[in-house]
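**Student:** Quick one: this structure, given as structure tokens, is what I'll be asking you about.
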Amino acid sequence: MTSPTAPHSDASARSDDPTPQHVHPADLPGLAQLATEATLGTTRLVEAVHAAVWASLRPGAEAPSRTAGLTGFVYRTVRGLTQLAGHSTGQALGTVAQILAPTPLPDTDKRRRVLSILNGVFGDHLAASDSPLACSFSLRTPEGQRLPASATDADTLVVFVHGLCLSDRAWAPTAKRPGHVEALAAPVGGTPVLARYNTGRSISKNGQALHEHLSRLTSPSAGPSRIVLVTHSMGGLVARSAVRHAHRAAARWPRLVTNTIYLGTPHRGSPLERAGAWVEQQLRRTPVTAPFASLATLRSRGIQDLRHGTIAPDAAHDDTPDRPPGRSLYVAAALTSRPPARDAVGDGLVPVASALDATGPTRSATRQVVENRGHLDLLHAPAVTEHLRRWLSTTSDA
């Protein structure tokens, strides 16, 4: 098995530190920023409800989002003091962080899981506010080391793309389950490469980032001759978006993709996110509950894209290809084997029909349902690993 160009040293890969910390000093300014914004958001919500209730006492009056007079002055004062305190605290904590930890500390799996969830729920906001808690897009080795941006000398790349609120560590093996990474790289003699990205950003932006990274790794002079894509949940949509961006840029790398695996990808959307959108609409029906709709809109752009499986804002209006030309495997999980509950409930998050993309391409596509398994089981279940390995071995021989 070939290996990529020597990876950059990364703090998250160092595990020899005797006292790993789940919260780093460098996180403190970002946490202070989040606390400040949460306080400001709560103040705005309370003021909006106050204004709506006051307007309801005056028939025919339109409910404003802000109060006036002395009450408005009090709310403005609270917001101003909160912003001032938050800015000062952030600056002070930034200085403290430099003193306590002038160099990056080793990462831990627990910290990575918390940051992944935080980025999944609020990631677009974290990125827009330049928060140090925002995760940037990168490609990594199975050990967590960051790969360089230049082309790799590996002949075959097996690229793993994780799902919502997860990170590259989601593919990591456990004591009881070896996982997919090594098992799927072996049949094709490939080098595993794992994406890490902010799942709260829009699927289109993450797709653009994946496209750019794969383009740099596959330069005609030194790049690989083959790519295998293994995706889970949202990761499948990100991969499809990347292919779409690549076709628009006339990039080379999609032509190298021989196999693509979609594990529980909501190609046709997720009912859970559609339920969230319905709740938001209901809250907007009355002036008093309308301010609470802002709580529903806090969910990230990435989560909202899952409502209909949106891979780009204009994807429904043009026919730019979004699937690699090679063979594809669509895998759906089902919590039960009893119809019709099996198809309706699916894996608890994604219905079977959505994961199988039943109305999607049929040429060179295989569809499989794994029963009595949940959404996250698709990442590690030994039976799933063996099925994927067999399919990859068969299609590779073909």
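**Student:** Show the residues, 5+ positions off or on another chain, whose built amide H is closer than 5 Å to the amide H of Gly348.
**Tutor:** Hits under the 5 Å cutoff: Leu335.
**Student:** At what distance in nm do the modelled label points of Ala68 and Ser219 sit from each other, each positioned 7 Å from its Cα along Cα→Cβ?
**Tutor:** 6.4 nm
**Student:** When the dipole is taken about the Cα centre of the stretch 104-178, and only Lys, Arg (+1) and Asp, Glu (-1) are charged at their Cβ, what size is it in debye, to the nearest 20?
**Tutor:** Computed about the Cα centre, the dipole is about 420 debye.
**Student:** Then there's this: Whose amide H sits under 5 Å from the amide H of Thr366, counting only residues 5 or more places off or on another chain, with H placed in the peptide plane?
**Tutor:** For Thr366, whose amide H was placed from the backbone, the distant partners under 5 Å are Ser328, Leu329, Tyr330.
**Student:** Then there's this: Would you mind ranking Glu182, Glu212 so that the residue whose beta carbon has the fewest other beta carbons within 10 Å leads the list?
**Tutor:** Sorted ascending by nearby Cβ count, the order is Glu182, Glu212.
**Student:** What list of ³J(HN,Hα) values in whole Hz, one per residue of the stretch 356-369 in order, does the Karplus curve 6.51 cos²θ - 1.76 cosθ + 1.60 (θ = phi - 60°) give from phi, with Gly and Pro shown as x?
**Tutor:** Computed from phi, the couplings for the stretch 356-369 are 7, 6, 4, 9, x, x, 10, 5, 6, 10, 10, 10, 9, 10 Hz.
**Student:** Something else: So how do His308, His267, His87, His232 line up by other beta-carbon neighbours within 10 Å, fewest first?
**Tutor:** With the fewest neighbours first, His308, His267, His87, His232 line up as His87, His308, His267, His232.
**Student:** Which cross-chain or sequence-distant (5 or more) residues have an amide H under 5 Å from the amide H of Phe160, H modelled 1.01 Å from N in plane?
**Tutor:** Val193, Leu194, Ala195, Val230
**Student:** Which distance in Å, rounded to a whole number, links the C-alpha centroids of the stretch 373-394 and the stretch 313-336?
**Tutor:** Taking the Cα centre of each part, the stretch 373-394 and the stretch 313-336 sit 19 Å apart.
**Student:** If you average the C-alpha positions of the stretch 127-148 and of the stretch 200-261 separately, how far apart do those two centres end up, in angstrom?
**Tutor:** Their Cα centres are 17 Å away from one another.
**Student:** Follow-up. Set the Förster radius R0 to 35 Å, insert the Cβ-Cβ distance between Leu84 and Thr320 as r into 1/(1 + (r/R0)^6), and round the FRET efficiency to 0.05.
**Tutor:** For Leu84 and Thr320, the calculated efficiency is 0.15.
**Student:** Ordered by residue, what ³J(HN,Hα) values in Hz, to whole numbers, does the stretch 235-242 give under the Karplus form 6.51 cos²θ - 1.76 cosθ + 1.60, where θ = phi - 60° and Gly and Pro are x?
**Tutor:** x, x, 5, 4, 5, 5, 5, 4
**Student:** Please give, to one decimal in nm, the separation of the simple spin-label points placed at Ala175 and Ser129, each 7 Å out from Cα toward the Cβ.
**Tutor:** Between Ala175 and Ser129, the simple spin-label model gives 3.9 nm.
**Student:** Test of understanding: what is the full-extension gain from His387 to Ala35, defined as 0.36 nm times their sequence separation minus their Cα-Cα distance?
**Tutor:** Contour length minus the Cα-Cα distance gives 122.2 nm.
**Student:** Mind sorting Trp253, Trp391 by how few other Cβ atoms lie within 10 Å of their own Cβ, fewest first?
**Tutor:** Trp391, Trp253
**Student:** If you don't mind, there's one more thing I want to ask. Mind listing the phi-derived Karplus ³J(HN,Hα) values for the stretch 327-336, rounded to whole Hz, using 6.51, -1.76 and 1.60 with θ = phi - 60°, and x for any glycine or proline?
**Tutor:** 6, 10, 10, 9, 10, 10, 9, 9, 5, 9
Bear in mind that the values in this text are calculations on the coordinates, not laboratory data. Bear in mind that the values here come from a model prediction, so they are computed numbers and not experimental data. Virtual Cβ from ideal backbone geometry, glycine too; neighbours counted across all protein chains shown.
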